[in-house]
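To start, the structure itself, in structure tokens.
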Amino acid sequence: MLNRVWNWLKTPRGKDSWRPGWAILYLFAAFGLLAKLGDYYVPDYGFTYLIGQGDEPAREFNWIEERDVTVYRHFRSSGYDAQYYAQLALDPALLDPTLTESVDNLPYRARRILLPWTAYLFGMGQPNWVLNVYALQNIVCWFLLGWLLLRWFPPTSFDRVFRWLGIMFSYGLWFSAFFSLVDGPSLLLLALALRWIEQGHSWRASAILALGGMAKETNILGAAVLAPDRWKNLNGWVRCVIQGILVALPLLAWFALLHWRFLDTGSLAGVRNFAWPFVAYGERWADLIRVTLNGEASWKFLSSGWAMHLSLTVQMVVLLGWWQWRKAAWRLTVPFAVLAFVLGEAVWEGYPGASGRVLLPMLLGFNLLVPQARRWWPVLLLGNLTMFVGPFSLEPRPGETYSVQITDRPELSLDAETTELTVSFPRPWYRAEKNRKREWRWSETDADIVINNPYTSALEIEIRGEWTAHTSRTARLTQNGELKWQQSIDTRIRDWRLAGIILQPGENRLRIESDEHNFVAKTGDGRRLAVCLFRFAIKGKPVATE
């Protein structure tokens, strides 16, 4: 059997035939995304981690409790945009009056109503199903887009495989997929419109462009693809105008409805989304240079920022500097290159920023239009730089930075609903972080570790841990004001071990303190850091009774 497979792989084929060796790369890409997705599944919460619901700032109206849904909350995070779109998915008709309290700017968010509607439909109106469907829609669209792109980039040569990977592994598409945003599905709709235009189905393309406008308003820029490929085609221009009106009509009607219903609750316009031509774009270059010279951001995020801005610049130069009117891919995507120059600082700021996903259509057009010749490889490489940082720029889901082992359980009886001893790290701890080798958690200043003993009897435990800091200091561990452990620490990771700690039934608190002020590290996030805890292992047993 293996010999047959090997002979099939090495058998020469025609120039345009799929090559199994290259096709395997496509499969690896698909399995890679699924493996990454599995990392974000949280028991009892499903895939709602992808919605990006933050737990701060604290709001008077708690939509999760009020609507009785199960959603993962990101510790010490303000969250991201999907936390608002997911709420719209629970009531896409916008009839719930509490939406004005739980959504930051309801008219602005509600402009992009298509994905909330599809989540509600496929979730069959069941709130927790709807939220999980909303979280996973982007993943489904990623696979559909990958399949559609095989029309243009089949696995026949390294050149075409590279272009396919450049789109599918781009930072913008991965960010959209794993933050449940509208950009990835919007690109799928634009690509589908392009396919139908190339097949001569302009009315189908008009319908999908109109639908795409309800997913993301900038999608209607793609209606330029409806223009005839010959300037003197009068009938084509008449048809283009009619189709263009039909593309814009649903979005205009929806805008009018939102303006009428929510006139006093927000604005349809985004804050700082647009600026004078070239201003915010040029300021982004200046910011990247300044941060690089001053060392104000970690290289991981800074490299993503440089890769993003350089790639977008190359894409804009190719699209705007090379007139290719007769090609549908150029007509579809060149409006987004024009859009790039008037985007505001809200789109460009951050590392790597939102620009890569906002301008995803440019990446599609760029890869379709750059000629397949060896001399174009430097241009192709520069325009696809984010494929080398996209999947690696996403933060892994933090795990637990502690472990618990309790012996002699038969001697214990429960006094609470919780059946296990639990450990929590409330503010001023930051959320857990991890890389491939370690997991850790920083404190902002002196901080408590809360241990809940669910048993009716006291436990005697032994604690082991590791800690470090950015500056030399003396770290202490206390319980009820009593010093239990003290050690000088610095940038090296140091072990500590403490036995004989008694945990009474219910809540117990240990406190991590140090004798120096917190330190602002050059990580680009501005956090103030005190002590870093790498491990917190508990081994316990019931207190011996006479």
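What follows is calculated from the coordinates using simple rules that are stated; it is not laboratory data. Remember, it's a predicted structure, so these values are computed and weren't measured experimentally. Glycine also receives a Cβ, built like all others from the backbone with ideal geometry; neighbour counts cover every protein chain displayed.
Please get the size of the charge dipole for the chain, origin at its Cα centre, with Cβ charges of +1 on Lys and Arg and -1 on Asp and Glu, quoted in debye to the nearest 20.
Here the chain has a charge dipole of around 3340 debye.
From the phi angles alone, apply the Karplus equation (6.51, -1.76, 1.60; θ = phi - 60°) to the range 110-124 and give each ³J(HN,Hα) in whole Hz, x where the residue is Gly or Pro.
Values, residue by residue: 6, 4, 9, 9, 4, 5, x, 5, 5, 5, 5, 5, 6, x, 6 Hz.
Between Asp39 and Leu252, what is the spin-label point distance in nm, taking each point 7 Å from the Cα along the Cα→C-beta axis?
According to this spin-label approximation, the distance is 4.6 nm.
Mean residue ellipticity at 222 nm from the helices of the chain, using -39,500 (n - 2.57) per DSSP H segment of n ≥ 4 over the full residue count, to the nearest 500 deg cm²/dmol?
Estimated from H runs of four or more residues: -13500 deg cm²/dmol.
Cα extents of the chain along the three principal axes, largest first, in whole Å?
Over the chain, Cα extents along the principal axes are 99, 62, 55 Å.
Rounded to two decimals, what ratio of Rg to Rh does the range 403-542 give with C-alpha atoms and a Kirkwood Rh?
So for the range 403-542, dividing Rg by the Kirkwood Rh gives 0.99.
What is the extension gain from Leu381 to Glu395, computed as 0.36 nm multiplied by their sequence separation minus the C-alpha to C-alpha distance, in nm to one decimal?
2.6 nm
Under a 5 Å amide H to amide H cut-off, with H placed in plane at 1.01 Å, what residues pair with Tyr72 once short-range neighbours are removed?
Thr48, Tyr49
Return Asp287, Asp183, Asp44 ranked ascending by Cβ neighbour count within 10 Å, so the fewest neighbours appear first.
Exposure proxy ranking, most exposed first: Asp44, Asp287, Asp183.
Enumerate the amide H contacts of Ile449 below 5 Å, restricted to partners 5 or more residues apart or on another chain; note that Pro and chain-start residues carry no placed amide H.
HN-HN under 5 Å from Ile449: Leu510, Arg511, Ile512.
Going by amide H atoms built from the backbone, whose H comes under 5 Å of the H on Tyr430, apart from near neighbours?
Here the answer is Trp442, Ser443, Glu444, since their amide H atoms fall under 5 Å of that of Tyr430.
Restrict the search to the range 124-196; then list the trypsin sites (Lys or Arg not before Pro) that DSSP places in a loop and that have at most 15 other Cβ atoms within 10 Å of their Cβ.
Within the range 124-196, the qualifying trypsin sites (Lys or Arg not before Pro) (loop, at most 15 other Cβ atoms within 10 Å) are Arg151.
Beyond a 30 Å Cα-Cα separation, which of these cross-linked pairs lie in this structure: Lys484/Lys541; Lys434/Lys484; Lys36/Lys216; Lys36/Lys484; Lys216/Lys434; Lys216/Lys327?
As for pairs spanning more than 30 Å Cα to Cα, those are Lys36/Lys484; Lys216/Lys434.
What are the ³J(HN,Hα) couplings of the range 339-349, residue after residue, when phi is run through the Karplus curve with 6.51, -1.76, 1.60 and θ = phi - 60°? Round to Hz, x for glycine and proline.
4, 4, 6, 10, 5, x, 5, 4, 7, 8, 5
For the pair Thr70/Trp203, report the inter-label distance in nm, with labels modelled 7 Å from Cα in the Cβ direction.
For the pair Thr70/Trp203, the computed spacing is 4.8 nm.
In nm, give the distance between the simple-model label positions of Asp55 and Leu320, each being 7 Å from the Cα along the Cα-to-Cβ direction.
Spacing of the two 7 Å Cα→Cβ label points: 4.5 nm.
What are the ³J(HN,Hα) couplings of the range 165-173, residue after residue, when phi is run through the Karplus curve with 6.51, -1.76, 1.60 and θ = phi - 60°? Round to Hz, x for glycine and proline.
In residue order, the calculated couplings are 5, x, 7, 5, 9, 5, 4, x, 6 Hz.
Determine the sum of side-chain charges near Ala82: Lys and Arg each +1, Asp and Glu each -1, restricted to other residues whose C-beta is under 14 angstrom from that of Ala82.
Result for the local shell: +2.
For Thr471 and Leu234 in the same chain, what is the full-extension length gain: residue separation times 0.36 nm, less their Cα-Cα distance, in nm?
78.0 nm
Looking only at Cα atoms, what is the convex hull volume of the range 74-127 per residue, in Å³?
Taking the convex hull of the Cα positions in the range 74-127, it is 89 Å³ per residue.
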